[in-house]
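Asks: I have a structure I would like to understand better, so I am pasting it below and will then ask my questions one at a time.
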Amino acid sequence: MTGNEIHLDNLCIGGAVTLMEDLERRVENFHNTPETYDEILSRARDGLKKISPQEMSLDDYKSYIEAQIQNIPRHFSRYRDDVTVVISDAGFAAMQNDPAYEAWVLDGVREELNCPDYLCFYPGTYGHHEVMEFGATREDFRGHMSAIHKHDAPHVEEETYWERRLKRLKARLKAEQELFEHEQLLQAACDESAQLQALQRAQDGLTDSFAPEKPIIGVPAKYLLAMLDGNVK
């Protein structure tokens, strides 16, 4: 999490990007992790040990709260909204020390995300930008929301941040796939060339038929046969 901002993805675009990036990260970590099976199993068992929020470090607690907020379901009419939850350090400390305040913050986010937006499909609308800010007390809460209309102002971008991010990711994945296919073609061409060379050498009698990779004396077999037949002058 960057700073104290928790960005809730646009479910149509950001969710797909997050899923693909998570898969890429998992694959990369799998190849880069020198752990043995026993070490991975031990780490998994350690992860199952329950630690109360009050026993966590502040950074771990922030990650814990972010996971709680990211898993809050959203009303179907809010799927296009970009929502950011901002919690100050004092707010995190207050939540960690006061389970009732933690529940109030999470319930507030849950209630907002489940509130239907009956105008979401009105022509020209494009969801909302919403920011919820939490501090050390309930009185510190601030909320901001603005509707996005694609064609009502020149400053509104045709593509959202998540759309541009998804486009870049798709382009990168496409380039990686094309590179992989190109390398496969090169490998196939090299294999075919090697086979043709081996066949030509065999036809010229330059290899042992029982061990094609092992050249014989370097004299074509047709000359050797001619010598045995006495036809060589």
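Asks: Could you tell me which residue of segment 75-90 is surrounded by the fewest Cβ atoms within 10 Å (Cβ to Cβ), considering only residues that are of a type outside the set (G, A, S) and over 22 Å from the mean Cα position of the chain (by Cα)?
Replies: Result: F76.
Asks: Give all pairs with beta carbons closer than 7 Å in which a residue from segment 55-71 that is farther than 17 Å from L106 by Cα meets a residue that is in a helix (DSSP H, G or I) and modelled with pLDDT under 90; count only pairs at least 6 apart in sequence or on separate chains.
Replies: Pairs found: M56/Y64.
The values are calculated or read from the model by the stated rules, or taken from the named source; none is laboratory data. Just so we're clear, the structure is a prediction, and the values are computed from it rather than from any experiment. Glycine also receives a Cβ, built like all others from the backbone with ideal geometry; neighbour counts cover every protein chain displayed.
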